[in-house]
Amino acid sequence: MNPDITREFIADTLAQSILDPRTRALYELCFMHRHHFQDDIVTDKLRMIVRIGAEHGFHVNDFSPEFAAHRLGQSGVDRWFAGIATAERLDQALVFEMHKRIMDVFADLPAEQARSLASKYLHFHFPELFFIYDSRVAAAAFDLGQGECGYLARSEHDPDYGRFFACCRKLTERLVGPAGRRLNPREMDRVLRAWADHHEVAMTAGSSRTSAPVAYA
């Protein structure tokens, strides 16, 4: 990927990205019901996350929202959320720790799916703090971030999400100039998805030109 991203690309992407009513409703549900006292409400949140994710290519295998909701309710997640909500200063280590704890609740899923689902669950509860992970978006972040992005792996955290988060933070600072401000995690997700789509279209076009038959006179 070309590591340069223009002001026009960011502006066009954000102008075209309208938050659909279901996504807005999910943000509101997670804001109004951040706790995990009622399994049925937590189940509804998980169902909505999975359904919306499926429209962007994120699928989970043999996933039971009811079972996951019960496990979340038994996990101590409300204490963890309270720690984030009341922290005077939130450092990256706490973000990584929270992600790993939620990822462990989904440990019956393959690691890639658990990693992505945990990031989505946390993002919709704390949209200003957590970046949304999936493999396509992560690949775009790593390419644009040009390396490890300053992440130091720790055994108690998930290294893949840690590297991704660090690259998103690095890009947030780097894109202040082109964007005119700091992009929030939702906006960064839109920009990275658009960049991945743009790259895939360019690669497909290049492949088609390479494989086109040559006519001889």
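The values are calculated or read from the model by the stated rules, or taken from the named source; none is laboratory data. For clarity, every value in this text was computed on a predicted model and none was experimentally measured. As a convention, Cβ positions derive from the backbone with ideal geometry for all residues, glycine included, and neighbour counts pool all protein chains shown.
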Given (1) surrounded by 13 or more Cβ atoms within 10 Å (Cβ to Cβ); (2) closer than 17 Å to Asp197 by Cβ; (3) among the acidic types (Asp, Glu), Asp12 misses just (1)
Within region 91-107, the count of residues that are touching a residue at least 12 places away in the same chain (Cβ under 8 Å) and farther than 14 Å from Lys45 by Cβ comes to 10
(message) Please verify whether His35 is in contact with a Lys or Arg (Cβ under 9 Å, 6 or more places away or on another chain), in a loop (DSSP other than H, G, I, E, B), surrounded by 12 or more Cβ atoms within 10 Å (Cβ to Cβ) and not basic (Lys, Arg), treating the condition exactly as stated.
(response) no
Has region 192-204 got at least one residue that is part of a helix (DSSP H, G or I), at pLDDT 50 or above, touching a Lys or Arg at 6+ places or on another chain (Cβ under 8 Å) and of a type in the set (Gly, Ala, Ser)?
yes
Among Asp20, Asp44, the single one that is at pLDDT below 90, out of contact with any strand residue (DSSP E or B) (no Cβ under 9 Å at 6 or more places or on another chain) and within 25 Å of Glu187 (Cα to Cα) is Asp20
Given the conditions (1) modelled with pLDDT under 95; (2) buried (at least 16 other Cβ atoms within 10 Å of the Cβ); (3) closer than 29 Å to His70 by Cβ, every one holds for Glu128 apart from (2)
Matching residues in region 46-96 (in a loop (DSSP other than H, G, I, E, B), surrounded by 12 or more Cβ atoms within 10 Å (Cβ to Cβ) and of a type in the set (A, V, I, L, M, F, W, C)) number 4
